[in-house]
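Trainee: Quick one: this structure, given as structure tokens, is what I'll be asking you about.
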Amino acid sequence: MPEHTGADSKDLWRTALPLLAERVGHATFDGFLRDAEPLNYDGETFVLGVPNQFAKAWLEERHSGVIGATLAELLQHQEPVRIEMQVSEGLAAPPSSEQLPCPEALPIPPATPSPSPAQTYDQLDPTPLNPRYTFDNFVVADCNRFAHAAGIQVAKSPGKSYNPLFIHSKVGLGKTHLMQAIGHMVQELHSNARVVYVSAENFVNQLITAIRDNRTAEFRSKYRSVDVCLVDDIQFIAEIEGPHSEEAFFHTFNTLYQTNKQVVIASDRAPRHLQLMNERLRSRLEMGIIADLRYPDIETRIAILEKKAHAEGVSMSRQILELIATEVESNIRALEGALLNVCAYVSLNALELTTDAVEQIIAPYRGRSNHHRATLDEIVKYVSEQMSCNTDDMLGPKRSQEIVWPRQVAMYLARELTDNSLAEIGRFFGRRDHTTVMHAYNKVSNLVANDEKVLWLINDMKGALRGE
Ligand code: ADP
Ligand code: MG
């Protein structure tokens, strides 16, 4: 095997950098890898100079595997290259201690911070809220009623009701919108409250920047002085950046929580499904209230389209809106995209909209939601198990109170989760009339809107039946 000199190691590193940029989180890349210095490669061990102890620990713990594999790929080696990190004096000024990046234990910055404040100030600045993401613009329906109610509650009395509020859903179903709506409402109701909205990715970026520039005290105090902290896409911390950033987030969270500051977190999955190393963080996340956003049904999709078309100042026939809502099922973002394209077409062409034209415009957005579609049999079986009653009784003639309520719940779920008509559902439930199903549906809907316990029950059942 040929020996590689320092010069070779530089070439190798230069070739590896663009690959690494795609393979590690960009916070890590910009913060540490871009300026790291290849020191030596002896054919076995690649020595990388990094700016400080923190960078060393961070990279060793989380990224040396991918760096080693990338170098091996370039060298066409079977085995990953061994990576050694060395703190290199020539690189950025190292922080004064060897602590890990918990904001509580972050290195204390020197008395005179080195970088110019103007240059880095922006990086610690919060992301402004999107003015469109308000409660007024948020259509409330069964798919989001619970999360919406929890959000309003939190905005009215931050830090005093549900803490943290954990919102989760698949992509494009309104997490960011709801979170920012909370932020807007807090600002309206409590003019002195400091609201910070930050994506988890940005949080990690800020952390890395702060450490690199010896501005950790600023980072810490910034998050300490926040009254309502909205952290979006927390799965990023769990999956991309690893234990150090989890730890940092955990400490920030604890500080806020212990001083009764409100924390709202959004994620693409429930806390129990997050790939967290830190179990204490998981249990903290589960400590408050967990609310999910589900796929909107067809009526809700139409209502959302109506509202958006109105906001765009475009009037569109019910038939067109129904067509879009039927075809675009995958998520609300896609629904919006489809509608905006149709609006653009209308304003550009000043033509009468034909069904064909709409079909064509929305083709790229067409998509089904991919949640599991429960069958009537599954619903009846599941509700019988959950509410401890007999499946045969559910479908039989009995009218005692013990069976009527579970049957009404099952009918409600059947209407919500399947495409069967009222008549079909009635027939399935022991040849009952469609008006009986309608009555059951209305009764449960009313309770869902007015009784938190029923809302919880139905919410959980829906989630389980959809396999979420
Ligand atoms: P997520 O953060 O879950 O990926 P977003 O909050 O970005 O989803 O929502 C995607 C788009 O759908 C946004 O433009 C948002 O305004 C819109 N949207 C989501 N839920 C609703 C709702 N209930 N009513 C109106 N618009 C919504
Ligand atoms: Mg989002």
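Trainee: Treat region 376-466 as a sphere of radius equal to its Kirkwood radius over Cα pairs and apply Stokes-Einstein at 4 °C in a medium of 1.567 mPa s; give the translational diffusion coefficient in µm²/s, rounded to a whole number.
Mentor: The estimated diffusion coefficient comes to 101 µm²/s.
Trainee: Okay, next question. Over region 119-292, one equal point on each Cα, no solvent: what is log10 I(q)/I(0) by the Debye formula at q = 0.12, 0.15, 0.16, 0.18 Å⁻¹?
Mentor: -0.50, -0.79, -0.91, -1.17
Trainee: Next up: What residue among ASN450, ASN278, ALA238 has its Cα farthest toward the positive end of the dipole of the chain, where the charges are +1 on Lys, Arg and -1 on Asp, Glu, each on the Cβ?
Mentor: Comparing the listed Cα positions along the dipole, ASN450 ranks first.
Trainee: Can you tell me the length gained on complete extension of the stretch ASN130 to HIS439, counting 0.36 nm per residue apart and subtracting the Cα distance?
Mentor: 107.1 nm
Trainee: Assuming R0 = 56 Å, what is the FRET efficiency of GLU188 and THR45, from their Cβ-Cβ distance, to the nearest 0.05?
Mentor: 0.45
Trainee: Between SER221 and GLU402, what length comes free when the chain is fully extended (0.36 nm per residue of separation minus the Cα-Cα distance, one decimal in nm)?
Mentor: Taking 0.36 nm per residue and subtracting the Cα distance, the gain is 59.5 nm.
Trainee: Separate question: Given a 1.4 Å probe, how much area per residue of the chain is accessible, in Å²?
Mentor: Roughly 47 Å² per residue, with all protein chains present.
Trainee: State the dimensionless ratio Rg/Rh of region 298-365 (Rg: radius of gyration of Cα atoms; Rh: Kirkwood radius).
Mentor: 0.91
Trainee: For the chain, what is the convex hull volume of its Cα atoms per residue in Å³?
Mentor: Convex hull of Cα atoms, per residue: 197 Å³.
Trainee: Right, something else. Could you pull the Rg and Dmax for region 10-81, using just the Cα atoms, both in Å?
Mentor: Considering region 10-81 through its Cα atoms, Rg and Dmax are 11.2, 31 Å.
Trainee: Moving to a separate point now. From a point 7 Å beyond the Cα of ASN260 in the direction of its Cβ, which residues of region 138-155 have a backbone N at a distance under 19 Å?
Mentor: What the label zone holds, given the 19 Å backbone N cut-off, is 153-155.
Trainee: Among the listed pairs LYS156/LYS381; LYS56/LYS160; LYS160/LYS381; LYS156/LYS307; LYS160/LYS308; LYS156/LYS222, which have their C-alpha atoms separated by more than 31 angstrom in this model?
Mentor: Pairs exceeding the cut-off: LYS156/LYS381; LYS56/LYS160; LYS160/LYS381; LYS160/LYS308.
Trainee: Over the chain, with every protein chain in place, what whole percent of the accessible area is carbon and sulfur at 1.4 Å, could you tell me?
Mentor: Heavy-atom surface of the chain belonging to carbon and sulfur, 1.4 Å probe: 49 percent.
Trainee: Another one. Where in the chain lies the longest segment free of trypsin sites (Lys or Arg not before Pro) that are both loop residues by DSSP (not H, G, I, E, B) and have at most 14 other Cβ atoms within 10 Å?
Mentor: My reading of the result: 161-367 is the longest stretch.
Trainee: If you don't mind, another one. Do you know the relative contact order of region 376-466, to the nearest whole percent, from alpha carbon pairs under 8 angstrom that are 6+ apart?
Mentor: Once divided by the residue count of region 376-466, the mean separation gives 26 percent.
Trainee: While we're looking at this one, here's another question. Using only Cα atoms and rounding to the nearest 10 degrees, what angle (0 to 90) does helix 401-417 make with the longest principal axis of the chain?
Mentor: 60 degrees
Trainee: Something else about it: Suppose every K and R has +1 on its Cβ and every D and E has -1 on its Cβ; what is the size of the dipole of the chain about the Cα centre, in Debye to the nearest 20?
Mentor: The calculated dipole for the chain is roughly 1760 debye.
Trainee: Moving on to the next point. What residues qualify as long-range amide H neighbours of TYR197, i.e. H under 5 Å apart, gap of 5 or more or another chain, H built at 1.01 Å from N?
Mentor: THR127, LEU230
Trainee: With everything on Cα atoms, drop me the angle between helix 452-465 and the longest principal axis of the chain, reported from 0 to 90° to the nearest 10.
Mentor: 80 degrees
Trainee: Given R₀ = 60 Å, FRET efficiency for ALA449-VAL66 by Cβ-Cβ distance, to 0.05?
Mentor: 0.75
The values are calculated or read from the model by the stated rules, or taken from the named source; none is laboratory data. Since the structure is predicted, the reported quantities are computational estimates derived from the model, not experimental observations. Glycine also receives a Cβ, built like all others from the backbone with ideal geometry; neighbour counts cover every protein chain displayed. Accessible surface is based on the protein model in full, side chains and every heavy atom, while ligands, DNA and RNA are left aside. Shrake-Rupley method; radii C 1.70, N 1.55, O 1.52, S 1.80 Å.
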